[in-house]
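Here the structure comes first, spelled out in structure tokens, and everything after it is commentary.
The values are calculated or read from the model by the stated rules, or taken from the named source; none is laboratory data. Since the model is a prediction, treat every value here as computed from it, not as a measurement. Please note: Cβ atoms are built from the backbone with ideal geometry, for glycine as well, and neighbour counts cover all protein chains shown.
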Amino acid sequence: MRLNLSRWVFKPPDERLPEENERWWNECYLPQAVEDILENRSQWCVLAGGYQGGKSTALAALARNMEGRALLIHDDFLFRPEQEKPQGNILQRVLRSASRTLRQDLVKDPGKFSLLSPTQMEFLRWSVEKFHGRRAFLRWLDGLPQDISQSLQAIEFEDLYPSPTSDVGGQVEELVNLGAKFGCQQVLTIVDCPPLPNHDQIEEIEGMLSWLEPMQDIRLKAVIALPPSIPAQKIRELSRGRVSILKLESTPDHAAKVVSRHLSAATEGSVQKAEQIFTPKLTAQLREFVQGEFGSAVGAWLKIVEIALERINEIEKTTLGIEALPDIKRAFYERFMLLRLGPEGGELGCWRGRKWIPLDRAVYDFLTVLIHHKGKRINHEMAHTTKGNLHTLAKRLRAAIEPDGGRSIYIKNIKGEGYWLEHFIT
């Protein structure tokens, strides 16, 4: 029997259509208790949790709930390539995003200008040109009614806050007062973090948490999702206790309910629970696999059931037994457990998904060569070694990174032609 499978259910939010996203929130999403605390806690919050544990979903739910009540800032600076990162500290990034949001809102509804005092008009005019440039300011004026455009143009540009750290309290107060005129109770900044932040990203996070001045006004709030690699004690030390640390832990019962919701939405109700597609023996083995790689992670289970549903349609069986385990694990590693080269904290090695694998210098250098050549077949000459040593290095690297010794997922080779690497990111 083939299932009528809706694949959008398992796609990331940015790959779903707007109507699919709305269905996902209505049919698949299940809130967790910590989300209410995030919304109601007045001080800055750090949401801590493991890989695939649901932190990004909790942030998205917070933004969805606060829309219209807060001036929302999505600070994605940790995900941007170095050449595209906005300059400045968290307050400058907030001001930059806020001025963009407000100017777009005012183009849609110019009547809101009547709510602003002369001081707020001056601050708004300053922020647009300060963070987006003179040309952006003039383009904004072109989209406004003539009388408003002339009023703004009559305000001479003065660099009200020339230094990124000058009168921080004044900058915050002006921004939150401006937001209040638009019906926003607070300025809410949401910062997500890569699951495996590198050294530079960790330094940026630590700098953000250790700058205490923006935390003084409770109307400016930041909620930051962080992985376990940044310990709670470190966060407390950096923030001098001014940040609430909330741990996100999905219970087995919550994870099972989330999986059931996704299964039902993906199969139009044909499958309601994971027990319908896995035998008890396979379920036990998959639970052990997820626990070993992630701890308890609802995101990992969603990826497994997605693979399982595809497999069911391929072989046209309604239930998968223990014999399906190798294929499920293999597909899981190939899609979701990509290799990424270290070093990490001065130690040589690589990441396989969220698992850190230490390597000695020779094996690490060989992996570097494979990654550098991006799929090209590497022979002993390209690796600057002998044939015998090349095979030894490949064997040692396989022993370290391959999860299944009998089936190579990452390191491929053709006899006489060389080795290459698959399923990795640079």
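Structural remarks
- Here region 383-401 is the region considered, the condition is being within 35 Å of the chain's Cα centre (by Cα) and free of Cβ contacts under 8 Å to residues at least 24 places away in the same chain, and the residue that is surrounded by the most Cβ atoms within 10 Å (Cβ to Cβ) is R398.
Let's see how each residue does on (1) in the same structural domain as P231 (by TED's automatic domain parsing); (2) part of a strand (DSSP E or B); (3) in contact (Cβ under 8 Å) with a residue 60 or more places away in the chain; (4) loosely packed, with under 15 Cβ neighbours inside 10 Å:
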| site | (1), (2), (3), (4) |
| --- | --- |
| S114 | yes, no, no, yes |
| L124 | yes, no, no, no |
| W140 | yes, no, no, no |
| L144 | yes, no, no, no |
| P162 | yes, no, no, yes |
| A180 | yes, no, no, no |
| P194 | yes, no, yes, yes |
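- Residue match in region 296-310 (condition: farther than 30 Å from I224 by Cα and of a type in the set (F, W, Y)): no
- Residue in region 78-91 that is assigned to a helix (DSSP H, G or I), within 22 Å of E306 (Cα to Cα) and either of a type in the set (S, T, Y) or touching a residue at least 60 places away in the same chain (Cβ under 8 Å) (or both) present: no
- Of the helices (runs of 4 or more DSSP H) lying entirely inside region 322-426, those carrying at least 3 residues that are at pLDDT 90 or above, of a type outside the set (F, W, Y) and assigned by TED's automatic domain parsing to the domain that holds L286 are 325-336.
- Qualifying positions in region 354-372 - within 27 Å of A297 (Cβ to Cβ) and surrounded by fewer than 20 Cβ atoms within 10 Å (Cβ to Cβ): R354, K355, W356, I357, P358, I371
- Evaluated against (1) exposed (fewer than 13 other Cβ atoms within 10 Å of the Cβ); (2) under 23 Å from P145 (Cα atoms); (3) touching a Pro at 6+ places or on another chain (Cβ under 9 Å), D109 falls short on exactly one condition, (3).
- Screening region 164-178 for residues that are in contact with a helix residue (DSSP H, G or I) (Cβ under 8 Å, 6 or more places away or on another chain) and buried (at least 16 other Cβ atoms within 10 Å of the Cβ) and picking the one that is farthest from T101 (Cα to Cα) gives V168.
- Scan of region 251-267 for residues that are polar (S, T, N, Q) and part of a helix (DSSP H, G or I), ordered by number: S260, S264
- Count - residues of region 268-286 that are surrounded by 12 or more Cβ atoms within 10 Å (Cβ to Cβ), outside any helix (DSSP H, G or I) and touching a residue at least 40 places away in the same chain (Cβ under 8 Å): 5
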